[in-house]
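Inspection log for the structure reproduced underneath, given as structure tokens.
None of the figures in this text is laboratory data; all of them are computed from the coordinates on show. All values derive from a computational prediction rather than experimental measurement. Glycine gets a Cβ as well: all are built from the backbone with ideal geometry, and neighbour counts include every protein chain shown.
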Amino acid sequence: MRTLRGIGLLHSMTEQTESGKATIKWDTTATGAIVLRNPHVLRSLLELAKLRIVALVTFCGAAAMIVASRFAIPPVSFIAAVVSFSLGSGGCNAVTSYNDREIDAVMERTSRRPIPQGWITPRYALLYGVLLTISGLAISWFLGPLIFVIGLIGVLDNIVVYSLLAKKRNAANVILGSFSGGAPVLIGWMVAKGTIDLMGIIAAVLVVLWIPNHIWNLALYHAEDYKKAAGPMLPALVDMKKAARCIVLTVILLVGVSITPYALGFLGTAYLLITIPFSVLLAAGNIRLALTPNRKLAWRMFKISSPYLLVLFFAMMIDRTPYSLL
């Protein structure tokens, strides 16, 4: 038994959701305490937040602060921003899981998520997501009004523009929702420097350009699953060859922009030497996918693209370290 207090409900309520062996039961006491009897509750909360995405978003935002400040970011500001990134990202993921619950239940790839499995009620998932998101935004407000505005735009882009409006209606949904991925980088840059310069914009654009090729490679592999869900994901609407061509265009843009920090003199040789091998591998693999499209190669390129942002931002930090020899 796990007890979650302070929710503020002052009436009796019992809600049950059953899927297989999973049963969720809510008991609300007169003091407003909610008792949740569910062995999957902790796992459900962690899966709703999508910790891998949280980790990637937080790493990029934290790296942006380190690069912009040249390792001189005040510890309090750094920790506050990292907590804000983590809460905001996890909250958005939980809310979009609530929005996507019907699609998730249909698709084989997502049918084992907490809401379709019945491990957690949609209402509680939404409440959890909203509380995390508001907490993240509240912290960003104390970092500065403009930082709060950037964070709020990122949240609205992810939850409203992408998840509610575009995902089920527009083939450009991934592109329309990609700004939210770059928002933590802009925030990190703003926290560190008090302004956003060209290098900060380039760093955020790298995240924005990475998102379409990463998601579309995954969607190309699961195209039949997306067709079953009747969602307008690009690889499910066009044939494999056209989808692969669209993917390679975004990759070429991404690789091109990844070189600009060195070309414009913002970063040095260390950044270039670390990133070039990965950029060549990513570009060559996706060009091959465009020439000979197949699901197996699409999956391989999805896996290769997964650490690409980590490599780029890690290389930025290495290049800016006071001890760099290059």
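For segment 105-169, a/c is not less than 1.5, where a ≥ b ≥ c are the root eigenvalues of the C-alpha gyration tensor, and a/b does not top b/c. That puts it in the oblate class.
How do 288, 52 rank when sorted from fewest to most other Cβ atoms within 10 Å of their own Cβ? Intermediate values should be presented prior to the final figure.
On the way: 288 16, 52 10.
Lowest count first: 52, 288.
Couplings 3J(HN,Hα) for segment 169-182, derived from phi with the Karplus relation 6.51 cos²θ - 1.76 cosθ + 1.60 (θ = phi - 60°), are 10, 9, 5, 8, 4, 5, 5, 5, x, 6, 4, 4, x, x Hz, where x marks Gly and Pro. A viscosity of 0.692 mPa s and a temperature of 37 °C, combined with the Kirkwood radius over Cα pairs in Stokes-Einstein, give a translational diffusion coefficient for segment 206-281 of 239 µm²/s.
Just round it to a whole percent: the fraction of Cα-Cα distances in the chain exceeding 34 Å. Looking at the chain, the distances longer than 34 Å represent 29 percent of pairs. Note on segment 134-224: Cα-only Rg and Dmax are 14.5, 47 Å.
What's the longest bit of the chain with no exposed GluC sites (Glu not before Pro), using DSSP loop states and at most 14 other Cβ atoms within 10 Å as the test? Segment 109-326 is the longest.
In percent, rounded to a whole number, the relative contact order of the chain is 16, using alpha-carbon pairs under 8 Å and six or more apart. From helices alone, the chain scores -22000 deg cm²/dmol at 222 nm; the rule is -39500 (n - 2.57) for each run of n ≥ 4 DSSP H residues, then divide by the residue total. P(r) for segment 41-193, from all Cα pairs and a bin width of 5 Å, is 2, 11, 19, 21, 19, 14, 9, 5, 2, 0 %, short bins first. Under conditions of 20 °C and 1.002 mPa s, segment 197-326 yields 140 µm² s⁻¹ as its translational diffusion coefficient, taking Rh as the Kirkwood radius over Cα pairs in the Stokes-Einstein equation. Segment 216-274 and segment 276-308 have their alpha-carbon centroids 9 Å apart.
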